[in-house]
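Take a look at the structure below.
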Amino acid sequence: MRLLHPFETSFGVTQDRRILLVKVSDGQLEGYGEVTAGEGPFYCHETVDTAWHILSDFICPRLVGKTIEQPEDFAPLVEGIRGHNMAKGGLETALWDLEAHRQDTPLWKLLGGSRKEIDCGVSIGIQPTIDRLLEVIQREIDAGYRRIKIKIKPGWDVEAVRQVRAAFPKILLMCDANSAYTLDDIDLFRRMDDFEVMMFEQPLHYEDMIDHAELQRQIRTPICLDESIHSADDARKAIKIGACRIINIKLGRVGGHREARAVHDVCQGNGIPVWCGGMLESGVGRAHNIALSSLENFSLPGDVAASKRYWAEDVIEPAVVVSSEGRITQTARSGIGYQVKETFLKEVTVRTQVFGT
Ligand code: OSB
Ligand code: MG
């Protein structure tokens, strides 16, 4: 599926998405999940094709013939398959959707959520010029979004942030570096300390916590970790050493709803707010993100935006809509609460594989 606008980060440009969806069935009801890996190994090591490989050659064969009473039964079945959280998360989240349908309840309620409305922010890719960036920000603010995240990289940082802050003195603003910097850049972050940004997201290496802790000691602005956090245990360690003051939770990166909730709980217990990250998902992944964002400690606006920001036509109906106040209302329907458009899905599907009967 082609994105309406190319999306540029410090690690590259995405326009055409190849999306791997997972459907599970109990013979009567179905559940959908989305593998949130990218097309190439640039955000993390996983790709759509490594996830296909891991799912079809390792994860699905382990499940065939097994009884799964509840989504929590999934993790023990794939114990021993190291990493590949996005491949696991695609299937695990589908099991949660199915379970919510079986209980005839919305997924957000099944997860224990309490937020009936969630606050939405947008993630704005690197633009050709700063003037263009200012225009895009104005458009998103006019659409109602409550927080603006801009992507930064060396050469597109201090000056871009300075001009954005000058043009929009009051907005909730943050920057995401996607690991583009090192500790040699401390002065640059010190200079950006003056712009009252909510957080710097993942400024340093994608596997690092130690240097982030050093950077956090030297700047006022909170650091938010994204790439470095793969589990509740990672979150515990990052908090313990002071590597961040905020955590971005992504379902794929942590392997599904069970672990996402565990990360949420560790953060909550330590007074660390969280928000839900996005991976340019189709409506299926988006719907899961909305449900997850209902948990209490998701107290900051996430990168969960309307379908129409991404797609001419989404795979779900209704499309995800954001109110003029920048909020998404939780659904009263069961499961993820959005219907997958099977006919449209068939049109855009290039490969399928079936396991079990
Ligand atoms: O770092 O949050 C990120 C997209 C792809 C990979 C990594 C990231 C992102 C985004 C986009 O920021 C969020 C979205 O609008 O889905
Ligand atoms: Mg990020």
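The values are calculated or read from the model by the stated rules, or taken from the named source; none is laboratory data. This structure is a prediction, so every number in the text was calculated from the model and none was measured. We place every Cβ from the backbone using ideal geometry, glycine too, and count neighbours over all the protein chains shown. We work out accessible area using only protein heavy atoms, side chains counted, and drop any ligands, DNA or RNA first. Shrake-Rupley method; radii C 1.70, N 1.55, O 1.52, S 1.80 Å.
Here are the numbers for the structure shown:
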| read-out | value |
| --- | --- |
| Computed over the chain: relative contact order in percent, which uses C-alpha pairs under 8 Å that are six or more apart | 21 |
| Set of lysines with alpha-carbon distance to Lys153 below 27 Å, sequence-local pairs under 8 removed | Lys170, Lys237, Lys250, Lys308 |
| Percent of Cα pairs exceeding the 36 Å cut-off, where the set is the chain | 16 |
| Amide H partners (placed H, <5 Å) of Ile316, local residues excluded | Gly283, Lys341 |
| Accessible carbon and sulfur surface of the chain relative to its total accessible area, %, 1.4 Å | 49 |
| Environment charge of Ser25, counting only residues whose C-beta is closer than 15 Å and scoring Lys/Arg +1, Asp/Glu -1 | -2 |
| Segment Asp184-Ile241, length gained on full extension (0.36 nm per residue, minus Cα span) | 18.5 nm |
| Furthest towards positive pole of dipole, Ala291, Ser114, Val340, structure part the chain, Cβ charges | Ser114 |
| Pairwise centroid distance, computed over Cα atoms, of the range 1-71 with the range 83-153, Å | 16 |
| Average accessible area per residue (Å²) across the range 82-155 - probe 1.4 Å, nucleic acids and ligands excluded | 40 |
| Coil-residue GluC sites (Glu not before Pro) of the range 1-89, DSSP, other Cβ within 10 Å capped at 16 | Glu39, Glu69, Glu79 |
| GluC sites (Glu not before Pro) lying in DSSP loop within the range 166-226, provided at most 11 other Cβ fall within 10 Å | Glu207 |
